Each structure stands twice: as C-alpha cells, then as structure tokens.
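**Student:** I have a structure here, written as structure tokens, and I will follow up with some questions on it.
The values are calculated or read from the model by the stated rules, or taken from the named source; none is laboratory data. These figures come from a predicted structure and were not determined experimentally. Don't worry about glycine lacking a Cβ; one is built from the backbone with ideal geometry, like all the others, and counts go over all protein chains shown. Calculation scope for accessible area: heavy atoms of the full protein, side chains included, ligands and nucleic acids excluded. Shrake-Rupley method; radii C 1.70, N 1.55, O 1.52, S 1.80 Å.
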Amino acid sequence: MPINEALSTAESKGLDLVMMSGAAKPPVCKILNYGKFKYEAIKKDKEVRKAQKIVETRELRLSMTIEEYDIAYRVKNAIKFLQAGDKVKLVLRMKGRQQAYTARAIEIMKDFVSRVAEYGYTEKDPEVTGRIIFVVINPKKS
C-alpha cells in the first residue's frame with residue numbers, strides 16, 4: 001500500500017501509522033493507537049523483569065583454625081543460600097605462618113564443598129591468590 005494512502009487511512013480512523021520493521025523490504029507498518037501500544041510494551045517489559053531471578057553472591061569466611069561446630073554452622077547457612085538460588089563464595093584468608101600450609105587450607109575448602117555438594121557445585125577447584133583461597137559454589141537447578 002502506498003504511504004500516502006496508509007497515512008490517510010490512519011488519519012481517518014483517528015489512529016497512528018507505526019513502522020514496525022524499517023529494515024524489511026518493503027518496510028512493515030501498522031495502523032494502531034501508538035499511546036496504547038507504548039503502554040502495553042512498557043507493561044510487558046515490567047512483567048519480564050519481575051519474572052527474572054536476580055542471583056546474589058553470598059560470602060562465607062573460613063579460617064585455618066576453624067572448629068567443627070563453626071564449619072557445621074557455615075555449611076547450614078551455605079545450604080540455605082544455595083536453596084534460595086544464590087551463589088556462595090567461600091573465602092579463607094591465611095595469616096602469618098599459616099601461608100606455609102596452603103595444602104591444609106585447600107583441604108578445608110574441599111571438605112566444605114563436599115558437604116554442600118548435594119545442593120551446589122563448583123566450576124573449578126579452590127583458587128589461591130596470595131594469602132587468600134576462594135571458591136564459588138553455584139546452586140544446582142531444581
């Protein structure tokens with residue numbers, strides 16, 4: 001349909017001529033109420049954003065001298081975070097002479113990860129960067 005004819009048809013109906021796809025040959029246009037169209041598009045975007053789950057990263061700190069009770073408490077919290085759909089970042093900071101025992105620190109981290117393995121998984125082994133060892137645990141899909 002020629003553009004002049006489309007414009008006159010839209011004007012006679014009291015509506016707008018809206019270009020839907022300008023890249024197409026010939027361009028695709030619709031005759032509609034532009035205000036209502038824009039309102040519905042915004043409403044649809046809000047619904048899409050509301051449906052999205054924002055994944056947070058929760059951090060739990062461990063130490064080389066951590067006791068069994070404290071590990072159990074942190075495991076319980078990590079499981080709670082993973083069930084809520086959040087990622088858990090485990091951080092173990094070594095102080096002073098503890099830096100000589102990185103193997104023991106990695107062992108503590110792997111033990112913790114094995115305790116929450118039912119609820120989450122790691123993409124890679126614990127990473128050592130200077131005095132800090134960390135690992136990120138992702139929640140398993142339900």
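**Student:** Please enumerate the residues belonging to the range 24-41 that are more than 17 Å from I3 (Cβ to Cβ) and either in contact with a strand residue (DSSP E or B) (Cβ under 9 Å, 6 or more places away or on another chain) or not aromatic (F, W, Y) (or both).
**Tutor:** Of everything in the range 24-41, those that are more than 17 Å from I3 (Cβ to Cβ) and either in contact with a strand residue (DSSP E or B) (Cβ under 9 Å, 6 or more places away or on another chain) or not aromatic (F, W, Y) (or both) turn out to be N33, G35, K36, F37, K38, E40, A41.
**Student:** Looking at (1) loosely packed, with under 10 Cβ neighbours inside 10 Å; (2) not in a helix (DSSP H, G or I), which is the one condition that is false for R49?
**Tutor:** (2)
**Student:** Still on this structure, please answer the following. Looking at (1) in a helix (DSSP H, G or I); (2) charged (D, E, K, R); (3) exposed (fewer than 11 other Cβ atoms within 10 Å of the Cβ), find the lone condition where R74 falls short.
**Tutor:** Failing condition for R74: (3).
**Student:** For a quick check of your reading of the model, give me the residue pairs whose first member lies in the range 128-142 and is under 19 Å from R115 (Cβ atoms) and open to solvent by 60 Å² or more (accessible area, probe 1.4 Å), whose second is of a type outside the set (D, E) and modelled with pLDDT of 90 or more, with beta-carbon atoms closer than 6 Å and at least 6 apart or on different chains.
**Tutor:** K140/G120
**Student:** So which pairs qualify, if the first residue must be in the range 25-45 and open to solvent by 100 Å² or more (accessible area, probe 1.4 Å), the second must be among the polar types (S, T, N, Q) and assigned to a helix (DSSP H, G or I), the Cβ gap must be under 8 Å, and the two must be at least 6 apart or on different chains?
**Tutor:** none
**Student:** Does T102 fit the bill of being free of Cβ contacts under 8 Å to residues at least 24 places away in the same chain and surrounded by 12 or more Cβ atoms within 10 Å (Cβ to Cβ)?
**Tutor:** no
**Student:** Here is a further query. So which residues in the range 111-127 are open to solvent by 20 Å² or more (accessible area, probe 1.4 Å) and closer than 14 Å to A78 by Cα, if there are any at all?
**Tutor:** Hits for the range 111-127 are D111, V113, S114, R115, A117, E118, Y119, Y121, T122.
**Student:** Given V18, V48, which one is in contact with a Phe, Trp or Tyr (Cβ under 8 Å, 6 or more places away or on another chain), β-branched (V, I, T), modelled with pLDDT under 90 and farther than 27 Å from K110 by Cα?
**Tutor:** V18
**Student:** So, one more: When only residues in the range 52-65 that are within 18 Å of V135 (Cα to Cα) and either among the aromatic types (F, W, Y) or exposed (fewer than 15 other Cβ atoms within 10 Å of the Cβ) (or both) count, which is modelled with the lowest pLDDT? Before the answer, list the steps.
**Tutor:** Going residue by residue through the range 52-65, those that are within 18 Å of V135 (Cα to Cα) are 55-64.
Pick out the ones that are also either among the aromatic types (F, W, Y) or exposed (fewer than 15 other Cβ atoms within 10 Å of the Cβ) (or both) and you get 55-57, 59, 61.
Values: V55: 77, E56: 85, T57: 91, E59: 94, R61: 94.
Only one residue fits best here, namely V55.
**Student:** Does the range 7-23 contain at least one residue that is out of contact with any strand residue (DSSP E or B) (no Cβ under 8 Å at 6 or more places or on another chain), part of a helix (DSSP H, G or I) and either surrounded by 10 or more Cβ atoms within 10 Å (Cβ to Cβ) or β-branched (V, I, T) (or both)?
**Tutor:** Yes, because at least one residue in the range 7-23 is out of contact with any strand residue (DSSP E or B) (no Cβ under 8 Å at 6 or more places or on another chain), part of a helix (DSSP H, G or I) and either surrounded by 10 or more Cβ atoms within 10 Å (Cβ to Cβ) or β-branched (V, I, T) (or both).
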